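*Asks:* Pasting a structure below so you can have a look.
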Amino acid sequence: TYDPASDTWTTKPVMPTNRYGLAAATIDGQLYAVNGSNGNYLSTLEVFQLTTDTTSPVTTSSPSATPNANNWYNQNVTINLSATDEAGGSGVKQITYSATGAQAISPPVTVAGASTSVLISTEGTTTLSYFATDNANNPETAQTFTIRLDKTAPNIICGAADGQWHAV
């Protein structure tokens, strides 16, 4: 590709399908090569990243509920994961997550796109690990979110009313 601002050429990956007579357009730093011919009619679409993206995306997590003062939740919690790539980046390709502890999620789950939600409904401590990858295949460093869930109310047992104090 040629950059007129710096008067330089940059080598990009070779197109996997040689072709001529194609339709092409650039949108958001990507080249779209549509149809064309290589001696035979091609009905293919290939997309090429024109910008160099070396920055990983960043994922934020937000729980659907608020924990108590001791960081315990008393109801099911949905963790919303949302990833963004830098301005002019290649965009978020996917989010991958897994969990250990009370509610294990294994093998890791990969969801296409920049957002997903994970429901935690098993009582105990669950550690959710997650990271996003952009379209230039830059993964972010894995992050974690710990959910401590106790949906069971305390049970108080009183002895018979006999006028005496009893230790339980």
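A short reminder: the numbers here are calculations on the coordinates, not readings from a lab. Given the structure is predicted, the values throughout are model-derived calculations rather than measurements. In this analysis, Cβ positions are derived from the backbone assuming ideal geometry, glycine residues included, and neighbour counts consider all displayed protein chains.
*Asks:* Using a 10 angstrom cutoff on alpha carbons, build the Gaussian network for the chain and name the most mobile of Ser64, Ser90, Ser37.
*Replies:* In this elastic network of the chain, the residue with the biggest mean-square fluctuation among Ser64, Ser90, Ser37 is Ser37.
*Asks:* Within 14 Å, Cβ to Cβ, of Lys12, how many net charges do the neighbouring residues add up to if Lys/Arg are +1 and Asp/Glu are -1?
*Replies:* -3
*Asks:* Which residues in the stretch 110-124 have a backbone N closer than 14 Å to a point placed 7 Å from the Cα of Glu86 along the Cα-to-Cβ line?
*Replies:* none
*Asks:* Hey, another quick one. Among rounded, prolate and oblate, which fits the stretch 78-127 when a ≥ b ≥ c are the square roots of the eigenvalues of its C-alpha gyration tensor, a/c under 1.5 means rounded, and a/b larger than b/c means prolate?
*Replies:* prolate
*Asks:* Let me ask something additional. Give me the Kirkwood hydrodynamic radius of the stretch 9-71 in Å, from all C-alpha pairs, to one decimal place?
*Replies:* After inverting the mean inverse Cα-Cα distance, the result is 15.5 Å.
*Asks:* While we're looking at this one, here's another question. Mean-square fluctuation check for the chain, GNM, Cα pairs under 10 Å: which of Asp53, Asp85, Asp28 is largest?
*Replies:* Asp28
*Asks:* When you have a sec, figure out the Kirkwood radius of the chain from all distinct Cα pair distances and drop it here in Å to one decimal?
*Replies:* One over the average 1/r among Cα pairs gives 20.3 Å for the chain.
*Asks:* Right, next: Specify the residue with the greatest mean-square fluctuation among Ser115, Ser43, Ser62, computed from a Gaussian network of the chain linking alpha-carbon atoms under 10 Å apart.
*Replies:* Taking springs between Cα atoms under 10 Å, the residue moving most is Ser43.
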